[in-house]
Every structure is written in structure tokens, then in C-alpha cells.
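To keep things clear, I will list the structure first and then write my remarks on it.
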Amino acid sequence: MRFGRTPEQHAFSEALDDLLTAADVVSASRAWSAGDHSPGLKLWQRLAELGVTGLLVPEDQDGLGASPVDLAVAFERLGYHGVPGPWIESVAVAPALLAGTSDSDILQRLASGEALVSVAHASRALDADVAERTYALNDRVGLTAPDSAGPPPSGSGGSTSASPALVEPGERQRAGVETNTAPSAILRHAVVGAQRRSVDPTRRLFDVTPGEEVAGGDAGPALDLGTLACSAMLHGAGLRLLDDSVAYVKQRTQFGRPIGEFQAVKHLLADVRVALDFAAPLVHNAAVELETEAPTAARSVSAAKVAAGDAAYLASRTALQVHGAIGYTREFDLSLWILKVRALVGAWGTPTEHRARILESLVEAR
């Protein structure tokens, strides 16, 4: 077995890079945070033409039926370029949550990029003002909402086992689901309320009130896909912060020399490189285990989230340090990635939650 990306996945990554490098993603992000979705939606449609929006939508719904590894490849590039919008919710989570439910009619439009979906895993939904449908997911796992900044790095994410998709209320008995036991997760339509502040202005958060039940069951697989996508996005953002920092230390001078020539600065950036390189195989392994439905997949997803979050957080702190005062300004583009990392570190499970899930899994395996 070759543990790495296929030539097709490398080509997919390069195609995304070419598109996003040519696009003015920074301007789209700044417009998105101001409430102007037009540039971001145009970018969304262009990425849909490359198949990003239909990666996990089944082929019979006009999607690609691709693998979690393909998902991770795409989200690493989305994170690297700082693309705004509810990508995790629409592309990674919604197809798994809605398949087989009465709301699966939206999957074709998700695949084509015509529709966006937001999912609130607690009380707040991301970019609900642009989503065609907003859902509230309540489960017994107790993970932090996907909008929470959470504490600085230290783990956890979706729920655990890979099991059947969510089942509509009237179908539970026919599907063999115990009717005298509440399902582990309830997916409901949500009523969107007031906008709330976010640590990352490109992640527009809204209060939601759960409404009519759509389905119930085990949301673990969907949450793990969301966590995987978040991990890949963090890794991509960390790579971007490192690249920008390396470029900047070659330009900024002190004592008549570029600061990149000083050994202390080299060590700072080398530490970031090592952390990101250690996180990369964990993210890839988590994707492979989700694809093969390995019994340790949930634990591997949590390990990937912890490693990617820690590495990206280190990259953001180091970038801020080597850039100096300009790194603190909102006008400087670096802030877009620093704030995105700060928000994503606690999204789809905080570091503490993921570490607890890893520990619990290891104890159970003894």
C-alpha cells in the first residue's frame, strides 16, 4: 500500500491552486465579512465547476461520490487560500446528514453549487444569511459548536462510531431503530435569528432556534467528516502562514540584514515546518481510515484535528511574531489567516474535547 496521494489527487490540488491563485480571494473574503456575498458566491460557482461542491454527494444525485481523501485534498487548498463561506457545512457535513432523508432533494443543487447549507451543531450557524437551508443538530456527544473559538490548542470532534445515516421519525421502527430510546442525534430545520460576533469576521455567525425534526440517528460519520475537513483547512492555513512568513523575513531588515538570516528566526520557522509536516500524515491517515471505515477512524480524526490545530496555531503565533506590529493590523492580509486559524482551532470540537476522545478510545482498547 502506498501511503500518499494519487497522481489524480495531486492534479486536483494543482487545479485548485491555479484557480484560486488567479482569483482575488482576499477581496472576496473582505467583502464576505462585510455582508457582500457576491464575489464569494462567484468563487463558489467556479469551484463547483471543478467538482468541489459535489465531492461527497452520491453519483445518483449528480455528485462525484468521492472519498474522504479527496475531501481533505480540497479543503487543504481552501484553507491555504482562505476561501470564505460555509464550505465544511455544505460540502463535508450536509451530504452525509441529508442522504436518505426527505431533505435529500437539495443534494443535486449542493453538488452543482446552486445551493448552500448551514448546520448549527449547538446554538449558532455559520453564514446562515446566505444558506438556502439551515439545520440545527443536537446530539449527546457534547462537542463544542462549529462556531466556537474555543481555548487555544491542547482536542476533539464529531461523535464516534461509523453507523447508519440519520433516519426520519416515521421510519425508525421500520428501520429497526428502537422507538423507546431517543436517537443519539436529532437533525431539525432551524429558524435563523440575530447575527453574533465572531473572532473571524469572514465566519458570519447567527443564532438559530431548532424547529421541525428532519431525522434522527447517529450523526458520528457526518461530524467526523466535518472535523476532517476542518483539520485539512487548518493545515492549509498553517502552510499559507508559513509561506508568507518565510517571504516576509527575506524582506524585513534589522541591523542592516534581512531578519531571516538570524538563527533565532530560522529556528522559529523551522519549528512551524516540523509541526506542519507531522500533522500532514495524521490528516491523510484520518481520511484513509474514514474511507475504509476502520474501527479507529474516529480516534484518528481527533488526532488529526489536534495536530493540525496545534501546528496552525503555532504558525499563526510565529507569523505574528516575525511580522511585528504590521501583523496586528486588520488591513494587512495576514490577519485573515490568523483569525481564521483562531476560529477553526475550536470549531468541530475543541482541542480538549478531541484529546479526551483520544484518551477514551485508548482506554477502551486496553
TODO: Might you check whether a residue that is over 18 Å from G226 (Cα atoms) and either in contact with a Cys (Cβ under 7 Å, 6 or more places away or on another chain) or among the hydroxyl-bearing types (S, T, Y) (or both) occurs anywhere in the stretch 346-362?
DONE: yes
- [ ] Tell me which of these A343 doesn't satisfy, since it passes every other one: (1) modelled with pLDDT under 95; (2) closer than 25 Å to D243 by Cα.
- [x] (1)
Task: Residue among A279, A298, A287 that alone is within 20 Å of Y313 (Cα to Cα), of a type in the set (G, A, S), part of a helix (DSSP H, G or I) and under 30 Å from the mean Cα position of the chain (by Cα) - done: A279
Open item on the list: I'd like the full set of residues that are crowded, with 24+ Cβ neighbours inside 10 Å and out of contact with any Phe, Trp or Tyr (no Cβ under 8 Å at 6 or more places or on another chain), limited to the stretch 314-331.
Closed with: A315
Task: Criterion: within 21 Å of S335 (Cβ to Cβ) and assigned to a helix (DSSP H, G or I) - qualifying residue of P95, P39, P84 - done: P39
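Let's see how each residue does on (1) among the polar types (S, T, N, Q); (2) closer than 30 Å to E289 by Cβ:
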{"residue": "P7", "(1), (2)": "no, yes"}
{"residue": "S13", "(1), (2)": "yes, yes"}
{"residue": "V26", "(1), (2)": "no, no"}
{"residue": "W32", "(1), (2)": "no, no"}
{"residue": "L47", "(1), (2)": "no, yes"}
{"residue": "V57", "(1), (2)": "no, yes"}
{"residue": "G63", "(1), (2)": "no, yes"}
{"residue": "R77", "(1), (2)": "no, yes"}
{"residue": "Y80", "(1), (2)": "no, yes"}
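Rundown of residues vs (1) more than 13 Å from the chain's Cα centre (by Cα); (2) farther than 19 Å from S118 by Cβ, yes/no style:
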{"residue": "A66", "(1), (2)": "yes, yes"}
{"residue": "D70", "(1), (2)": "yes, yes"}
{"residue": "L78", "(1), (2)": "no, no"}
{"residue": "V83", "(1), (2)": "no, no"}
{"residue": "P86", "(1), (2)": "no, no"}
{"residue": "S90", "(1), (2)": "no, no"}
{"residue": "V93", "(1), (2)": "no, no"}
{"residue": "A99", "(1), (2)": "yes, no"}
{"residue": "S102", "(1), (2)": "yes, no"}
TODO: Show the residue pairs that are 6+ apart or on different chains and have beta-carbon atoms under 9 Å apart, the first residue being within the stretch 312-333 and within 15 Å of V246 (Cβ to Cβ), the second being modelled with pLDDT under 95 and loosely packed, with under 13 Cβ neighbours inside 10 Å.
DONE: L320/Y328
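Condition check ((1) crowded, with 18+ Cβ neighbours inside 10 Å; (2) over 25 Å from G346 (Cα atoms)) across all residues:
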site: Q195; (1), (2): no, no
site: G220; (1), (2): yes, no
site: D224; (1), (2): yes, no
site: Y248; (1), (2): yes, yes
site: E261; (1), (2): no, yes
site: N285; (1), (2): yes, no
site: E291; (1), (2): no, no
site: A298; (1), (2): yes, no
TODO: Please state which one of V93, V52, V57 is touching a strand residue (DSSP E or B) at 6+ places or on another chain (Cβ under 8 Å) and surrounded by 13 or more Cβ atoms within 10 Å (Cβ to Cβ).
DONE: V93
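Within the stretch 325-347, can you find the residues that are polar (S, T, N, Q) and part of a helix (DSSP H, G or I)? Don't jump to the end; show me each part of the working.
Restricting attention to the stretch 325-347, the residues satisfying the condition of being polar (S, T, N, Q) are 329, 335.
The one that is polar (S, T, N, Q) and part of a helix (DSSP H, G or I): S335.
The values are calculated or read from the model by the stated rules, or taken from the named source; none is laboratory data. Just so you know, these numbers come straight off a predicted model, no measurement behind them. Using ideal geometry, Cβ is built from the backbone for each residue, glycine included, and neighbour counts are taken over all protein chains shown.
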